[in-house]
Amino acid sequence: MRDLYEVLGVPRNASADDIKKAYRKLAQKLHPDKNPGDEKAEEQFKEVSAAYNTLSDVEKRKAYDQFGASGGVGSAGFDPRGFREHAQASGFDISDLLGDLFGRARGGRGGRAGARPSRGPDLETAVNLSFDDALTGVQLKIPVERDVNCPTCHGSGAAPGTSPTVCPECDGRGVRSRNQGFFALSEPCPRCAGSGVVVEHPCLECHGRGKQRRTVKYVVRIPAGIQDGKQLRLPGKGGDGVDGGPSGDLLVTVRVGASPLFERRGDDLVLTVPISFAEAAMGAEIEVPTPDRSRVKVKVPGGSGPGKLLRLRGRGAPVPNSDKKGDLLVRLDLVVPQKLSRAQKEALEKFAALDGAHDLRSDLFAKA
């Protein structure tokens with residue numbers, strides 16, 4: 001068995017705060033919700049949780065420091081009778097330490113005496129929004145499938161009029177000990193699967209699970225200007241906690257559809273506007289649409305080339321949860337006519353004679 005301090009990556013003289021910080025960091029990294037299907041991460045998560053359950057408890061840590069890793073279980077000179085006598089004299093139950101070290105299960109249908117409340121799992125879902133709804137903001141009702149406490153047995157798993165009873169195999173501890181020579185090993189109780197309780201008369205509604213799969217609808221307010229891929233957190237709307245622990249959170253990922261006109265660049269929007277050669281060369285004042293469906297006039301400077309960006313401040317997407325807005329960027333797209341009338345062709349020939357376009361490429365030959 002690995003040293004518990006090594007499991008958490010802290011020195012033996014680490015403070016309670018250091019132990020808590022190390023545990024939280026590892027738990028976030030190894031949590032099964034973040035590593036679905038990764039059995040190795042799940043085992044490491046259990047190992048980290050067991051180490052923290054021991055080292056975060058003053059009496060358990062004291063007993064472990066004295067009899068655990070340094071001259072502890074299975075080492076030469078270890079006297080299990082002295083260990084148990086010392087623990088009993090200190091008012092400490094050795095089976096609690098062994099249960100934590102060997103992964104005693106917590107929780108269960110109705111809980112058990114001494115079980116610590118644990119937070120419920122976070123749930124995830126996604127919503128699809130149109131581009132316009134993402135800009136204006138919207139309030140939605142979203143369905144979420146989740147396990148809820150059975151309304152008939154209120155989560156106990158036992159039929160009405162009955163209740164879970166203390167497991168006779170392990171006396172409610174959730175673990176049982178097996179003698180291995182000079183010391184004893186603890187393992188989850190096979191009768192109650194580590195819950196510490198048994199249900200003799202299961203609830204017919206949930207078949208003893210204590211939970212039912214239900215679709216619950218939650219109201220979600222989508223802030224104006226939200227971007228694709230952003231995630232909203234609804235505290236307490238996730239899975240139910242165990243043994244009275246708090247519920248987890250609901251994480252809502254927002255998917256935003258594309259717009260036929262606007263391209264999103266953070267809080268700025270880009271609008272591509274076609275202009276003629278005459279407008280680009282001489283300059284012009286043109287009208288363009290805005291995201292709020294109004295029209296605004298834009299001055300195109302004479303001599304503007306294709307791809308030039310004109311900025312309209314405060315005409316872009318709203319910045320979520322604020323009164324600010326991004327900018328609207330008008331990208332000029334020069335349109336070349338595919339067919340010319342005789343009059344247009346004659347006019348362009350006169351312009352070309354005056355323009356001297358061949359001089360534009362003189363540097364190419366000079367540098368060749």
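Of the listed requirements (1) under 26 Å from the mean Cα position of the chain (by Cα); (2) of a type outside the set (A, V, I, L, M, F, W, C); (3) surrounded by fewer than 16 Cβ atoms within 10 Å (Cβ to Cβ); (4) farther than 24 Å from Lys324 by Cβ, Pro151 misses just one: (1). For the range 211-219, state whether one or more residues are outside any strand (DSSP E or B) and not aromatic (Phe, Trp, Tyr). No, there is no match, as no residue in the range 211-219 is outside any strand (DSSP E or B) and not aromatic (Phe, Trp, Tyr). What is the number of the single condition among (1) aliphatic (A, V, I, L, M); (2) assigned to a loop (DSSP other than H, G, I, E, B); (3) at pLDDT 85 or above that Ala113 does not meet? Result: Ala113 fails condition (3) only.
The residue that is nearest to Leu271 (Cα to Cα), among those in the range 291-302 that are assigned to a loop (DSSP other than H, G, I, E, B) and either modelled with pLDDT under 95 or of a type in the set (Lys, Arg) (or both), is Pro291.
Residue-by-condition table, conditions (1) part of a strand (DSSP E or B); (2) loosely packed, with under 13 Cβ neighbours inside 10 Å:
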{"position": "Pro260", "(1), (2)": "no, yes"}
{"position": "Glu263", "(1), (2)": "yes, no"}
{"position": "Leu269", "(1), (2)": "yes, no"}
{"position": "Thr272", "(1), (2)": "yes, no"}
{"position": "Ile286", "(1), (2)": "yes, no"}
{"position": "Ser304", "(1), (2)": "no, no"}
{"position": "Arg331", "(1), (2)": "yes, no"}
{"position": "Pro337", "(1), (2)": "no, yes"}
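Condition check: within 23 Å of Glu187 (Cα to Cα), surrounded by 15 or more Cβ atoms within 10 Å (Cβ to Cβ) and of a type outside the set (Val, Ile, Thr). Does Leu26 satisfy that? In short, no.
Taking the range 116-162 as the range and being at pLDDT below 85 and out of contact with any Lys or Arg (no Cβ under 8 Å at 6 or more places or on another chain) as the test, the residues that pass are Pro117, Arg119, Gly120, His154. Summed over the range 156-175, the residues that are hydrophobic (A, V, I, L, M, F, W, C), surrounded by 19 or more Cβ atoms within 10 Å (Cβ to Cβ) and either under 12 Å from Val199 (Cα atoms) or free of Cβ contacts under 8 Å to residues at least 40 places away in the same chain (or both) give a count of 3.
The values are calculated or read from the model by the stated rules, or taken from the named source; none is laboratory data. Not measured: the values here are computed from a predicted model. Reconstructed Cβ throughout: ideal geometry from the backbone, glycine too, with neighbour counts over all protein chains shown.
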